[in-house]
Amino acid sequence: MSANPQDLYAPADPVADSGKTLGDYLGALSRRRWLIVLVSGLLFAVVVVVALVLPPVYRSTATILIKEQEIPQEFVRSTVTSFADERIQVISQQVMTRATLLELVDKYNLYGAKRQSETSEEILDRMRRDIKLTPISAEVTDRRSGSAVKSTIAFSLSYDSEVAANAQKIANELTTLYLNENVKNRQQKAAETTMFIDEELNRVSEHITDQEQKLSAFKERNQGRLPELNISNLMGSERTSADIQRLEREIVFLDERKLALQSQLADTKPATPISANGGAALEPEDRLKMLQLQLTTLTGTYSDDHPDVKRLRREISLLKVETGLEQDATDREQKLLQLQEQLNQLRRKYSDEHPDVVQLKRAVTVIEKALRTGAGAPEGSAEAIRRARKPDNPIYLNLKSQVETISSQIAQMRSERQALRDKLEQLDTRVRQTPEVEREYLELARDIDSSRGRFRELREKQMQAQVAEQLERGRKAERFTLIEPPVYPEKPVRPNRPVIVLVGLLFALMGGVGAAALREAIDQTVHSARDVLRVMQVPVLAVLPSLPSPVLVRRRSWTRRIVVMGVLFAIVLVVIALHLFYMPIDVAWYGVLRRVSN
């Protein structure tokens, strides 16, 4: 049993020795110092090896700026209204598709060793984890509200790879995909917007054309009953009523005038009366009587061959024919023959304009007409003769003309009145039907007006969409601009070997102390007077120093050798790992010398 010389004559106090003091812990650490060194050295060596063996991971990063629209939005407004964050996420989903990523893996032969043992989905998940997209936000002023808001002004796109060249290449590929996909999406959205407005404009135009055709057919079907003609129809109805009243007054006046003229016409002879020696005009019957009286007077004075006697007899014969006193058709034929013979004799002496010739021609004409038209009155009667004879009394003809004119005017006015009545009924019908027609007309008109308003609005939007599409095609709208392209990474981003070594050192020390504490906890050896008191429950009177034995000396010597060999082995192992996996020893040595010299 070993003991501290200071404890040889220390009083034994069971109460005071019941707990461990700091000296006990320090004594335990001193006893287990070689164990602590050995365990800590081994753990630290393992950590260093791990830090050196871990493959380096290189990262190539590109910074893409979200550049605002060059032309002010007050002049040209873009049709792509989504936020930058949203577009970045959408583009990320489109870029990181299975086909795109597998194409990059095959193109650059990524994850060569891992592709032999992992599935395609695991490779894709690994590649998605290696791709890093980090938005860069800043405080900006909202143009609408004027308040400060946080907006994404740029984003960084990076790729991690164990090969530095692959990191730069894949970062370049991803950057190109993001830039192209953004341009493609914006142009596609602008084109889709323009196409949609064009289709909507065509649909509204076809609707307007259809409604205009319906309105035209409606107007044609309801001519005169449209609302804008209602006042005209009312005024036309009033004018037509006034015209009808005027025509009725004129018809009444003309009817009275016609009755008066017909009364005068009934009292007037149609034939022109013959004057007797310049006296008053006589009817044919009266003149016949007068000529017969003259013939009786002349036959008492002259012979039958006297010219006056012959003339009177010819006139008497003609008047008999005219008055119908000769009732027998045979007598008329004989008389016609006689008159024709006399007419031929007079033509040999006189011309056709001689009064006697004219008189005989008229008598022949009357008899021939009487022979041809003997119906309607008794043959040879005075009425038939008067009918056959053309009226030549100017007064009669004038009165008859006036009666016929008035009759024609009355018929025309009655026809005009009937037409006006029909027109009045039509106008009244239009006025009555106008409210119903107006309702349907207003529905069509409102539909056409709203469609035309919609058409004008869509036309303006179409022009704006076309300008916005041209803005996208000219790349003058908001766009992604590469401000920092991916560069070749000179240093790996991980693992952080100094940190790993530092953490490993702390871990190794903790492991060594833990091993010593564990070994102390399971060790039942008596090392001090307190251990004797604890085990035997008897106060210790004195502590004698332990004498070194040859066995103990040899054991301590072997322990020191093992610790030294373990430390040397760890150092050699660290140097080999450093040389193989991190940096050649000569390069590291020259680097150290250069820093020391500086």
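Tallying residues that are at pLDDT 70 or above, farther than 17 Å from I395 by Cα and touching a Leu at 6+ places or on another chain (Cβ under 6 Å) within region 242-284 yields 2. Whenever a residue of region 197-219 is of a type in the set (K, R), its partners that are assigned to a helix (DSSP H, G or I), lying with C-beta atoms within less than 7 angstrom and at least six residues away or across chains, give the pairs K214/L444.
Which residues, counting only those in region 233-252, are small (G, A, S) and in contact with a helix residue (DSSP H, G or I) (Cβ under 9 Å, 6 or more places away or on another chain)? Residues satisfying the conditions are G236, S237, S241. Considering region 111-142 alone, what residues qualify as being without any contact (Cβ under 8 Å) to a residue 12 or more places away in the chain, touching a strand residue (DSSP E or B) at 6+ places or on another chain (Cβ under 8 Å) and of a type in the set (S, T, N, Q)? Correct list: T141 only. Every listed requirement among (1) farther than 30 Å from S161 by Cα; (2) buried (at least 16 other Cβ atoms within 10 Å of the Cβ) is met by M463 save one, (2).
Counting only residues that are in contact with a strand residue (DSSP E or B) (Cβ under 9 Å, 6 or more places away or on another chain) and in a loop (DSSP other than H, G, I, E, B), region 71-110 holds 3 of them.
Would you say L482 is assigned to a helix (DSSP H, G or I) and either in contact (Cβ under 8 Å) with a residue 40 or more places away in the chain or surrounded by 12 or more Cβ atoms within 10 Å (Cβ to Cβ) (or both)? For L482, the condition - assigned to a helix (DSSP H, G or I) and either in contact (Cβ under 8 Å) with a residue 40 or more places away in the chain or surrounded by 12 or more Cβ atoms within 10 Å (Cβ to Cβ) (or both) - is not met. The C-beta contact set for region 291-305 (first residue closer than 16 Å to S317 by Cβ, second residue open to solvent by 80 Å² or more (accessible area, probe 1.4 Å), distance under 8 angstrom, 6+ apart or interchain) comprises L295/R313; D304/K310. Within region 175-201, the residues that satisfy the criterion of being open to solvent by 70 Å² or more (accessible area, probe 1.4 Å) and either outside any helix (DSSP H, G or I) or farther than 23 Å from I88 by Cα (or both) are M195, F196, E199. Screening R98 with (1) under 29 Å from L179 (Cβ atoms); (2) open to solvent by less than 80 Å² (accessible area, probe 1.4 Å); (3) in contact with a Leu (Cβ under 8 Å, 6 or more places away or on another chain) gives one miss only, at (2).
Beta carbons closer than 7 Å, at least 6 apart along the sequence or on distinct chains, never pair a first residue in region 422-433 that is among the basic types (K, R) with a second that is in a helix (DSSP H, G or I) and loosely packed, with under 14 Cβ neighbours inside 10 Å. Might you let me know whether region 294-304 holds any residue that is modelled with pLDDT under 75, part of a loop (DSSP other than H, G, I, E, B), of a type in the set (D, E, K, R) and surrounded by 14 or more Cβ atoms within 10 Å (Cβ to Cβ)? No, the conditions are met nowhere in region 294-304.
Looking at region 488-510 only, could you name the residues that are within 13 Å of A167 (Cα to Cα) and open to solvent by less than 90 Å² (accessible area, probe 1.4 Å)? Give the derivation first.
Here is the first cut: in region 488-510, the ones within 13 Å of A167 (Cα to Cα) are 488-493.
Result: P489, P492, V493.
How many residues are of a type in the set (S, T, Y) and either under 10 Å from D160 (Cα atoms) or exposed (fewer than 11 other Cβ atoms within 10 Å of the Cβ) (or both) if we restrict to region 113-139? Spell out how you get there, then give the answer.
Kept after step one, since they are of a type in the set (S, T, Y), are these residues of region 113-139: 117, 119-120, 134, 137.
If we keep only those that are either under 10 Å from D160 (Cα atoms) or exposed (fewer than 11 other Cβ atoms within 10 Å of the Cβ) (or both) as well, we get 117, 119.
Summing the residues that are of a type in the set (S, T, Y) and either under 10 Å from D160 (Cα atoms) or exposed (fewer than 11 other Cβ atoms within 10 Å of the Cβ) (or both) in region 113-139 gives 2.
The values are calculated or read from the model by the stated rules, or taken from the named source; none is laboratory data. These numbers come from a predicted model, not from an experiment. Using ideal geometry, Cβ is built from the backbone for each residue, glycine included, and neighbour counts are taken over all protein chains shown. Side chains are part of the model used for accessible areas, which takes the heavy atoms of the whole protein and leaves out ligands, DNA and RNA. Shrake-Rupley method; radii C 1.70, N 1.55, O 1.52, S 1.80 Å.
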